[in-house]
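Asks: Once you've had a glance at the structure underneath, I'll fire off some questions.
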Amino acid sequence: MALYIKGGRVIDPANGINKIADIKIEEGVIAGIDDFAGAITAADEVIDAAGKLVVPGLIDIHCHLREPGLEAKETIATGTRAAARGGFTAVCAMPNTKPVCDSQTGVEFIYNRAKATGLVRVYPIGAITKGSDGQELAEMADMAACGAVAFSDDGKPVPRSDIMRLGLQYAQMVGKVIISHCEDPELAKDGVMHEGYWSTVLGLRGIPAAAEAIMVARDILLAESVGAKLHIAHVSTARSVELIRQAQWRGVNVTGEVCPHHLALTDADVEGFNTATKVNPPLRTDKDREALRSALNDGTLTILATDHAPHTAEEKACEYNYAPFGISGLETAWPLFWRELVEPGVMTLPSFVAAMTVAPAKRLGLPGGTLSTGAAADVTIIDPEYTETVTLENWQSKGKNTPFVGQTLRSWPVATIVGGRVVMRDRQVIG
Amino acid sequence: MAWQHKDLLGLRGLSKQEIELILDTAAPMKDIIGRDIKKVPTLRGKSVVCLFYEASTRTRTSFELSGKFMSADTVNIAASSSSVVKGESLIDTGKTLDAMGTDIIVIRHAASGAPHLLAKHVKARVINAGDGAHEHPTQGLLDMYTIKERKGRLEGLTVTILGDVLHSRVARSNIWGLRTMGAEVRVCGPSTLLPPELAATGVQAFTCIEEALEGADVVNVLRLQLERQKKGLFPTIREYARQFGLNQERLKRCKSDVLVLHPGPMNRGVEIADDVADADFAAIEEQVTNGVAVRMAILYLMMGGSGSGAVH
């Protein structure tokens with residue numbers, strides 16, 4: 001029995017494919033892309049994809065699944081359901097759980113839980129330092145050996161330059177990328193939003209743009225000096241973009257990612273003190289947003305990620321200063337990126353799809369991101385005309401902390417297929 | 001004209017007419033404060049809760065007396081002696097007060113936006129009595145009332161706000177209110193105590209006090225929060241006093257009929273010299289009296305009173 005996805009526009013940037021075609025899936029792998037008219041038997045399953053986009057399964061290299069230890073916010077089960085609803089077939093889980101994923105045991109736990117309860121593929125990211133406390137290197141080689149796909153202390157920076165340099169050297173030795181949360185902790189201290197006009201108006205403590213750029217500059221210099229692979233998480237400022245662009249010109253192995261909320265919102269959206277807008281790095285200015293768009297347009301930034309950061313409703317139902325940072329982002333990423341990048345022509349459709357599939361896969365050396373024959377059948381089907389108003393009714397993540405409730409967005413994932421198994425169809429998660 | 005909003009959360013966004021309504025209503029209220037028997041039945045049967053998460057003498061007492069002078073039942077809650085110490089959230093505290101039939105909650109809180117959060121979750125009307133570094137609208141209104149009383153107008157005046165603007169909710173409410181009423185607003189302080197992009201709020205920012213005072217009609221001196229020095233935001237209190245303290249010599253740069261305001265409590269000899277604070281051209285005590293009048297006006301208007309109505 002085969003699964004056919006019929007008549008959709010197949011976009012597979014990894015293979016330079018952009019055409020109306022059918023996809024045949026057999027035994028969990030891509031059996032081919034072609035016109036299979038006449039080959040279908042009564043036992044086969046057919047998904048009509050006419051008018052829709054058929055792309056490799058989306059890959060998010062930056063999300064927080066919160067398990068172990070913070071299951072009230074999210075579990076691997078709920079987080080991967082949210083991922084499936086958002087069209088993602090694979091997600092990379094940041095290590096800032098409780099305990100921090102800083103050992104072989106932590107990595108194995110995530111793989112085991114994902115196998116038992118996950119709906120999509122989960123790849124653990126290990127911590128750079130023990131407990132992510134920035135003082136001593138974690139057992140990165142051991143973690144790499146049992147499947148950690150990258151290393152990061154995300155959620156906070158590695159404040160000491162000497163430790164960051166050691167981390168970059170060690171990651172380079174084991175062939176992995178360091179994902180850096182760039183933030184000068186002293187400059188950002190006690191800040192809750194971007195420092196600028198709106199922090200002045202609202203009387204909230206600001207986080208200057210320089211707090212990010214200073215660390216981007218430091219980490220680029222360190223990576224350059226040791227020849228390591230560096231990836232900058234959630235790039236949010238124009239100056240960070242400039243630094244990355246200049247470093248790439250010099251040949252530094254540095255990439256960066258952009259999150260949907262940094263494109264869709266600015267610091268002006270904090271007016272009203274809605275804690276759903278409290279995110280780290282904070283929502284920046286129009287100028288920063290334009291710089292991110294330009295960087296995605298010219299290829300300086302090549303990866304789109306969610307920084308899905310679920311929190312409980314109780315934690316966010318408080319004064320702005322006291323709320324935790326984070327937006328629950330897996331379920332709205334595609335339509336928000338679509339509105340901000342595809343509709344205004346900032347990115348071509350193939351380069352946009354690449355930024356959510358093959359680019360993240362290649363950067364971290366993950367399987368997937370392609371519809372090549374023989375590859376695992378991870379496929380996402382998008383209806384570019386489908387509109388939906390964001391409500392929490394069908395929300396799969398435990399984290400209901402989204403500032404996009406009530407917004408009507410266009411272009412939504414309508415089917416998610418993982419290893420040939422349909423886990424989301426017609427916006428409903430299956431399984 | 002009647003008050004159109006459920007709450008009073010800030011002066012940003014209020015219209016000139018709305019501010020005028022409050023200031024005009026405060027005038028007859030001030031008469032009541034001057035009477036031997038300071039009691040009118042206007043708000044009989046209404047309840048006002050002062051929910052204070054920060055220490056306060058003048059604002060809390062001012063609101064309490066405002067309510068009492070108009071026969072409202074007023075209750076004070078200090079967060080340090082309430083369920084807040086048991087971990088109760090602001091929303092739950094608000095809902096509890098709501099369920100008890102509170103008509104108005106007056107809230108002071110160290111976190112900017114706390115009154116906005118409360119207002120979203122309670123049926124009671126909410127008055128912001130100071131939230132973090134955001135706004136202190138009743139202080140802004142009483143400052144404007146005092147200026148208008150002394151100068152006869154607000155439009156066209158030059159008002160210099162002096163001191164720690166970065167952390168000052170008084171400064172922000174003054175900026176919005178005075179700008180709406182047509183005054184020119186200057187702010188002055190050490191560069192480390194001036195927030196970014198102030199010019200975009202329509203004010204002129206100075207770090208030289210002499211320039212900031214040149215030709216000013218009014219100087220509003222902010223209280224220097226001395227703990228800022230411990231955080232290294234300026235080198236020493238001594239230097240601050242020498243560079244930014246308001247004294248008689250510096251005041252000569254202002255108009256000859258300058259008016260000096262201070263929201264209190266004052267650090268005498270630091271941000272303001274003794275002989276300035278006690279001079280006739282300073283209206284610091286009058287501000288306190290006017291604060292009661294303005295708060296009476298707000299309570300009255302928010303409980304459905306009309307600006308043109310008599311107060312008996």
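Asks: Can you give me the ranges of the strands (runs of 3 or more DSSP E) entirely in region A:379-431 with at least 3 residues that are within 20 Å of the chain's Cα centre (by Cα) and buried (at least 18 other Cβ atoms within 10 Å of the Cβ)?
Replies: A:379-389, A:408-418
Asks: Here's a follow-up. Looking at B:GLY152, is it under 23 Å from A:TYR320 (Cα atoms) and small (Gly, Ala, Ser)?
Replies: No: the conditions fail for B:GLY152.
Asks: To continue, here is another question. Report the residue count in region B:123-157 for those that are within 14 Å of chain A (Cβ to nearest Cβ) and outside any loop (DSSP other than H, G, I, E, B).
Replies: Count: 8.
Asks: Sticking with this structure for a sec: Regarding region A:77-96, can at least one residue be identified that is modelled with pLDDT of 95 or more, open to solvent by 10 Å² or more (accessible area, probe 1.4 Å), assigned to a loop (DSSP other than H, G, I, E, B) and touching a Leu at 6+ places or on another chain (Cβ under 8 Å)? Before you say what the answer is, go through the steps one by one.
Replies: Here is the first cut: in region A:77-96, the ones modelled with pLDDT of 95 or more are A:77-96.
When the remaining residues are screened for being open to solvent by 10 Å² or more (accessible area, probe 1.4 Å), the result is A:77-78, A:81, A:85, A:96.
Add one more test, that the residue is assigned to a loop (DSSP other than H, G, I, E, B), and what stays is A:96.
Subsequent filtering for residues that are touching a Leu at 6+ places or on another chain (Cβ under 8 Å) retains none.
No, there is no match, as no residue in region A:77-96 is modelled with pLDDT of 95 or more, open to solvent by 10 Å² or more (accessible area, probe 1.4 Å), assigned to a loop (DSSP other than H, G, I, E, B) and touching a Leu at 6+ places or on another chain (Cβ under 8 Å).
Asks: Determine which member of the set B:VAL49, B:VAL75 is open to solvent by less than 40 Å² (accessible area, probe 1.4 Å) and β-branched (Val, Ile, Thr).
Replies: Within the list B:VAL49, B:VAL75, the selection yields B:VAL49.
Asks: Another question, then. Would you pick out the residues in region B:101-117 that are within 14 Å of B:ILE298 (Cβ to Cβ) and either open to solvent by 10 Å² or more (accessible area, probe 1.4 Å) or at the interface with chain A (Cβ under 7 Å from one of its Cβ atoms) (or both)?
Replies: B:ASP103
Asks: Of the conditions (1) away from every other protein chain (no Cβ under 14 Å); (2) surrounded by 23 or more Cβ atoms within 10 Å (Cβ to Cβ); (3) within 30 Å of A:ALA276 (Cβ to Cβ), B:THR96 clears all except one; give me its number.
Replies: Failed condition: (2).
Asks: Quick one: which helices (runs of 4 or more DSSP H) lie wholly within region A:188-274 and hold at least 3 residues that are within 14 Å of another protein chain (Cβ to nearest Cβ)?
Replies: Helices (runs of 4 or more DSSP H) meeting the threshold: A:197-202, A:209-226.
Asks: I would also like to ask the following. Considering only residues of region A:161-187 that are over 23 Å from B:LYS231 (Cβ atoms) and open to solvent by 50 Å² or more (accessible area, probe 1.4 Å), which is nearest to the other protein chains (Cβ to nearest Cβ)?
Replies: If we filter region A:161-187 for residues that are over 23 Å from B:LYS231 (Cβ atoms), which is where we start, we get A:161-182.
Still in the list and also open to solvent by 50 Å² or more (accessible area, probe 1.4 Å): A:161-162, A:165-166, A:169-170, A:172-173.
Details: A:SER161: 23, A:ASP162: 25, A:ARG165: 29, A:LEU166: 31, A:GLN169: 35, A:TYR170: 36, A:GLN172: 38, A:MET173: 41 Å.
Step by step, filter region A:161-187, then rank; the result is A:SER161.
Asks: Okay, next question. Which of the following residues is within 24 Å of A:ARG410 (Cα to Cα) and outside the structural domain of A:THR402 (by TED's automatic domain parsing): A:LEU292, A:LEU243, A:LEU204?
Replies: A:LEU292
Asks: Output yes when any residue across region B:2-20 is closer than 30 Å to B:ARG153 by Cβ, away from chain A (no Cβ under 14 Å) and over 20 Å from the mean Cα position of the chain (by Cα), and no when none is. Can you show your working first?
Replies: Residues of region B:2-20 closer than 30 Å to B:ARG153 by Cβ: B:2-5, B:7-20.
Subsequent filtering for residues that are away from chain A (no Cβ under 14 Å) retains B:2-5, B:8, B:14-20.
From what's left, over 20 Å from the mean Cα position of the chain (by Cα): B:2, B:4.
The answer is yes, given that some residue of region B:2-20 is closer than 30 Å to B:ARG153 by Cβ, away from chain A (no Cβ under 14 Å) and over 20 Å from the mean Cα position of the chain (by Cα).
Asks: If you go through region A:4-57 one residue at a time, how many are within 26 Å of A:PHE352 (Cα to Cα) and either among the β-branched types (Val, Ile, Thr) or in contact with a Lys or Arg (Cβ under 9 Å, 6 or more places away or on another chain) (or both)?
Replies: Residues that pass the stated criteria total 33.
Asks: Okay, next question. Within region A:1-47, can you find the residues that are under 15 Å from A:GLY420 (Cα atoms) and in contact with an Asp or Glu (Cβ under 8 Å, 6 or more places away or on another chain)?
Replies: The answer is A:MET1, A:ALA2, A:LEU3, A:TYR4, A:ILE5, A:LYS6, A:ASP22, A:LYS24, A:ILE33.
Asks: Moving on. When you go through B:LYS120, B:LYS68 one by one, which is the residue that is open to solvent by 60 Å² or more (accessible area, probe 1.4 Å), within 14 Å of another protein chain (Cβ to nearest Cβ) and at pLDDT 95 or above?
Replies: Values: B:LYS68 fails: within 14 Å of another protein chain (Cβ to nearest Cβ).
Answer to the check: B:LYS120.
Asks: Same structure again: Restricting to region B:186-196, name every residue that is away from chain A (no Cβ under 14 Å) and in contact with a Leu (Cβ under 7 Å, 6 or more places away or on another chain).
Replies: The answer is B:CYS188, and nothing else.
Asks: For B:ILE37, only one of the following conditions fails: (1) in a loop (DSSP other than H, G, I, E, B); (2) within 20 Å of the chain's Cα centre (by Cα). What is its number?
Replies: All conditions pass for B:ILE37, except number (2).
Asks: Could you check, for region B:159-168, whether at least one of its residues is farther than 16 Å from B:PHE234 by Cβ and within 14 Å of chain A (Cβ to nearest Cβ)? Reasoning before the result, please.
Replies: Let us first name the residues in region B:159-168 that are farther than 16 Å from B:PHE234 by Cβ, namely B:159-161.
Keeping just the survivors that are within 14 Å of chain A (Cβ to nearest Cβ) gives B:161.
Yes, region B:159-168 has at least one match.
Asks: Same structure again: Can you list residue pairs whose Cβ atoms sit under 6 Å apart, with the first residue in region A:307-323 being within 12 Å of chain B (Cβ to nearest Cβ) and the second being of a type outside the set (A, V, I, L, M, F, W, C) and part of a helix (DSSP H, G or I)? Count only pairs 6 or more apart in sequence or on different chains.
Replies: A:LYS316/A:THR275; A:TYR320/A:THR275; A:ALA323/A:THR275; A:ALA323/A:LYS316
Asks: Any chance region B:225-237 includes a residue that's in contact with a strand residue (DSSP E or B) (Cβ under 6 Å, 6 or more places away or on another chain) and over 17 Å from B:ASN267 (Cα atoms)?
Replies: Going through region B:225-237, the residues in contact with a strand residue (DSSP E or B) (Cβ under 6 Å, 6 or more places away or on another chain) turn out to be none.
Checked region B:225-237: no residue is in contact with a strand residue (DSSP E or B) (Cβ under 6 Å, 6 or more places away or on another chain) and over 17 Å from B:ASN267 (Cα atoms).
Asks: Given B:ARG242, B:ARG250, B:ARG268, B:ARG238, which one is in contact (Cβ under 8 Å) with a residue 24 or more places away in the chain and of a type outside the set (A, V, I, L, M)?
Replies: Just one listed residue meets the conditions, B:ARG250.
Asks: Output the qualifying pairs, or none if there are none: Cβ atoms under 7 angstrom, residues six or more apart or on different chains, first residue in region A:46-75 and farther than 19 Å from A:ASN15 by Cβ, second residue among the aromatic types (Phe, Trp, Tyr) and at pLDDT below 95.
Replies: Close Cβ pairs satisfying both conditions: none exist.
Asks: With respect to B:GLU249, determine if the residue is away from chain A (no Cβ under 14 Å), charged (D, E, K, R) and closer than 24 Å to B:ARG150 by Cα.
Replies: Answer is yes for this residue.
The values are calculated or read from the model by the stated rules, or taken from the named source; none is laboratory data. If you're wondering where the values come from, they're calculated on a predicted model, not measured in any experiment. Note that we place each Cβ from the backbone using ideal geometry, even for glycine, and neighbour counts take in every protein chain shown. Calculation scope for accessible area: heavy atoms of the full protein, side chains included, ligands and nucleic acids excluded. Shrake-Rupley method; radii C 1.70, N 1.55, O 1.52, S 1.80 Å.
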